[in-house]
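Everything below concerns the one structure shown next.
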Amino acid sequence: MTHDHDLVLRPTARQVAAALDPPAGRNGGDLVVEALAGLGATTVFGLPGQHALGMFDALRRSDLQYVGLRVENNAGFAADAHGRITGEATPLLLSTGPGALTSLAALQEAAAASAPVLAISSQVPSAGIGGGRHGYLHELRDQKASFRDVVKSVHTVRTASQIPSAIAAAWESALTAPHGPVWVEIPQDVLLAETTLPVVTALDATPHDLVPRPELTAVAAHLLQNAERPAIIAGGGVVRSDASGKLLALAEKLDAPVVTTFGGKGAFPWEHPLSMQSWLEDRHTTDFLEDADVLLVVGSGLGELSSNYHTFAPRGRVIQIEADLGKLESNHAGLGIHADARIALGALLETVEDRRDPSAAERVSALLSKVRERIAGQELTLEQEVLAAVRAALPDDSPSFWDMTILAYWAWSAFDARRPNTMHSAQGAGGLGYAFPAALGAAAADRTRPVLAVSGDGGAMYSIAELASAKQYELPVTWLIVDDGGYGILREYMTDAFGEATATELSRPDFVALAESFGVPAVHTTTESLREDLAKALAQPGPSVVVLPAVLRMFAATHL
């Protein structure tokens, strides 16, 4: 009897000949790039450093596209976005010590948002690994320990022959649900040492399927089809697993209203009769969800933002489908189903019977009317006009990346993403500086459509250096900077809590002149001309900057 793996293990005559006579002048770095190419990588991000030069030298002998950013953390954000857009593991090449550590905030965001980043770092020479204090440049007592609590898995290489297998294992880990960042580290001497190992031609790193247990699917289907008032919360796991179509089919089969979390934007059609949109920071929505007798939560841990700051207290049965075991029933008890969202929704679709509820769409419409009335009573016309102008200017299929800024907080609740996997923000970990470098990563994945980045002036200062990267690679990214003279949301928080704000006011550059000094076209705009100026910038090739001086306010919180 012949098995498939028997065929894989049997090399052809040409492969044997090539393996016996590998090209001269290769080193451990070549094994890294050959392994990445063999796994299907096309683009790598990063920043060179002394210990990592073996990897970067090998890039010129490969067909991999390299996109270099100016700060390691920004390179991590770019790799994060590239992974989100493509759904594939995206390599991030880093040097030892300071270079590696500078990427930690980006890797935390990738972990929180389930973005498949394959970080490969150099290490001090092999003799310095193990805790001894040899005084090597960039030396840490235990570099991987700094990453173990952030990434999904850590892989340490000791010899050249271990490189392909370690990278394949990390690749598989990154793409097994839930997706996430992984860490591989390779000593400098291993990267630089000449190798006579055969060229890496192909690797098998197929991720494991995370399937639901059938008895749990049966119980969930029974509860949903017999519910009086079912509802669905769709999180980022629906987007990451490309399960939006199955979510729509299930909601329509059950006549169940759907609300998307901020990480799940675009997972359900915004204007669908069953769509509660994304108004999770709203007590009317919270009340609606609490009134459901069966609540299906897919791809969300119901964390702080998704639970209206932990004020959500469901009264009905909760069914939670979640690939991250640590999130399963971590906030609310229920029927926990440890599974990939796409596979689990497919299983439910095959199991549930049709359920009709003519009142569902009416209840959703009444809810959205209450939400609109609440916002309308707060004199927030400027904020709504700005968000509407951005939506009108942005093509439906263009990705957008949002920093931690007031306009982004509005977008979480009020922006129609229109397509799955097109709206992304840093709300997973909540760090500043995400939007612009992430947008560069998305543009590197697909140069055929413009990409939008949205930052405040405070967050923009984290990423100014990447204007050079945007220009160097002529990436089609338009950066909208809303300049309110400081950390606007912190100004609001402190004023509300203490009566006045401290350390929130910022001196900042002339962003238009600064962008132009990089060779990037830029323009000052107004709320009246924002739509036209933004649309024009998005339509032109290469990078551009649009600066909007405006002080925006948040809508009133309902959880206090």
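For segment 121-141, residues that are touching a Gly at 6+ places or on another chain (Cβ under 8 Å) and free of Cβ contacts under 8 Å to residues at least 60 places away in the same chain total 5.
Look through GLU385, GLU373, GLU322 and report the one residue that is among the acidic types (Asp, Glu), modelled with pLDDT of 95 or more and touching a strand residue (DSSP E or B) at 6+ places or on another chain (Cβ under 8 Å).
Values: GLU385 fails: touching a strand residue (DSSP E or B) at 6+ places or on another chain (Cβ under 8 Å); GLU373 fails: touching a strand residue (DSSP E or B) at 6+ places or on another chain (Cβ under 8 Å).
Result: GLU322 is the single residue among GLU385, GLU373, GLU322 that is among the acidic types (Asp, Glu), modelled with pLDDT of 95 or more and touching a strand residue (DSSP E or B) at 6+ places or on another chain (Cβ under 8 Å).
Of the helices (runs of 4 or more DSSP H) contained entirely in segment 287-406, those carrying at least 3 residues that are within 23 Å of GLY245 (Cβ to Cβ) fall at 341-351, 359-376.
In the set (1) more than 21 Å from THR86 (Cβ to Cβ); (2) assigned to a strand (DSSP E or B), TRP410 fails one condition alone, (2). Just one residue in the set PRO98, PRO125 is modelled with pLDDT under 95 and more than 10 Å from the chain's Cα centre (by Cα); that residue is PRO125. Only one of the listed residues (GLY245, GLY263, GLY237) is of a type outside the set (A, V, I, L, M, F, W, C), open to solvent by 20 Å² or more (accessible area, probe 1.4 Å), under 20 Å from ASN421 (Cβ atoms) and free of Cβ contacts under 8 Å to residues at least 12 places away in the same chain. That residue is GLY245. Would it be correct to say that LEU280 is in contact (Cβ under 8 Å) with a residue 12 or more places away in the chain, touching a helix residue (DSSP H, G or I) at 6+ places or on another chain (Cβ under 8 Å), surrounded by fewer than 22 Cβ atoms within 10 Å (Cβ to Cβ) and within 24 Å of ALA110 (Cβ to Cβ)? So LEU280 does not fit the description; no. Comparison of ALA435, ALA347 shows that the only residue that is closer than 26 Å to LEU248 by Cα and under 29 Å from the mean Cα position of the chain (by Cα) is ALA347.
Of all positions in segment 45-59, none carries a residue that is buried (at least 19 other Cβ atoms within 10 Å of the Cβ) and among the acidic types (Asp, Glu).
Inspection of segment 458-481 identifies no residue that is over 20 Å from the mean Cα position of the chain (by Cα), of a type in the set (Ser, Thr, Tyr) and in a strand (DSSP E or B). Restricting ALA110, ALA177, ALA119 to residues that are crowded, with 18+ Cβ neighbours inside 10 Å and in a helix (DSSP H, G or I) narrows the list to ALA110.
When you look at THR176, is it under 30 Å from ALA113 (Cα atoms), of a type in the set (Val, Ile, Thr), under 23 Å from the mean Cα position of the chain (by Cα) and at pLDDT 95 or above, yes or no? Give the steps one after another, and end with the answer.
On the way: under 30 Å from ALA113 (Cα atoms): yes; of a type in the set (Val, Ile, Thr): yes; under 23 Å from the mean Cα position of the chain (by Cα): yes; at pLDDT 95 or above: yes.
Yes: the conditions hold for THR176.
For GLU139, are the conditions met, namely being part of a loop (DSSP other than H, G, I, E, B), open to solvent by 10 Å² or more (accessible area, probe 1.4 Å) and either of a type in the set (Asp, Glu) or touching a Cys at 6+ places or on another chain (Cβ under 9 Å) (or both)? For GLU139, the condition - part of a loop (DSSP other than H, G, I, E, B), open to solvent by 10 Å² or more (accessible area, probe 1.4 Å) and either of a type in the set (Asp, Glu) or touching a Cys at 6+ places or on another chain (Cβ under 9 Å) (or both) - is met. Output the residues belonging to segment 38-68 that are under 20 Å from the mean Cα position of the chain (by Cα) and more than 18 Å from GLU88 (Cβ to Cβ). Scanning segment 38-68 gives a single hit, GLY68.
When LYS327 is tested against (1) touching a residue at least 12 places away in the same chain (Cβ under 8 Å); (2) surrounded by fewer than 17 Cβ atoms within 10 Å (Cβ to Cβ); (3) of a type in the set (Lys, Arg); (4) over 19 Å from ALA218 (Cα atoms), only condition (2) is not met. Of all residues in segment 174-225, those that are within 22 Å of LEU254 (Cα to Cα) and either in contact with a strand residue (DSSP E or B) (Cβ under 7 Å, 6 or more places away or on another chain) or free of Cβ contacts under 8 Å to residues at least 12 places away in the same chain (or both) total 8. Taken over segment 283-293, the residue count meeting the criterion of being in contact with a helix residue (DSSP H, G or I) (Cβ under 8 Å, 6 or more places away or on another chain) and either open to solvent by 10 Å² or more (accessible area, probe 1.4 Å) or modelled with pLDDT under 95 (or both) is 2.
Hey, any hits in segment 81-98 for a residue that's in contact (Cβ under 8 Å) with a residue 60 or more places away in the chain, part of a loop (DSSP other than H, G, I, E, B), open to solvent by 10 Å² or more (accessible area, probe 1.4 Å) and β-branched (Val, Ile, Thr)? Scanning segment 81-98, I find no residue that is in contact (Cβ under 8 Å) with a residue 60 or more places away in the chain, part of a loop (DSSP other than H, G, I, E, B), open to solvent by 10 Å² or more (accessible area, probe 1.4 Å) and β-branched (Val, Ile, Thr), so the answer is no.
Regarding ASP457, is this residue open to solvent by 40 Å² or more (accessible area, probe 1.4 Å), at negative phi and of a type outside the set (Ser, Thr, Tyr)? Reasoning before the result, please.
Values: open to solvent by 40 Å² or more (accessible area, probe 1.4 Å): no; at negative phi: yes; of a type outside the set (Ser, Thr, Tyr): yes.
For ASP457, the condition - open to solvent by 40 Å² or more (accessible area, probe 1.4 Å), at negative phi and of a type outside the set (Ser, Thr, Tyr) - is not met.
Quick one: would you say THR527 is free of Cβ contacts under 8 Å to residues at least 24 places away in the same chain, surrounded by fewer than 19 Cβ atoms within 10 Å (Cβ to Cβ) and part of a loop (DSSP other than H, G, I, E, B)?
Spelling it out, it is not the case that THR527 is free of Cβ contacts under 8 Å to residues at least 24 places away in the same chain, surrounded by fewer than 19 Cβ atoms within 10 Å (Cβ to Cβ) and part of a loop (DSSP other than H, G, I, E, B).
The values are calculated or read from the model by the stated rules, or taken from the named source; none is laboratory data. These numbers come from a predicted model, not from an experiment. When we count neighbours, we look across all protein chains shown, and the Cβ atoms used for this are built from the backbone with ideal geometry, even at glycine. The area values use the complete protein model at the heavy-atom level, side chains included, leaving out ligands, DNA and RNA. Shrake-Rupley method; radii C 1.70, N 1.55, O 1.52, S 1.80 Å.
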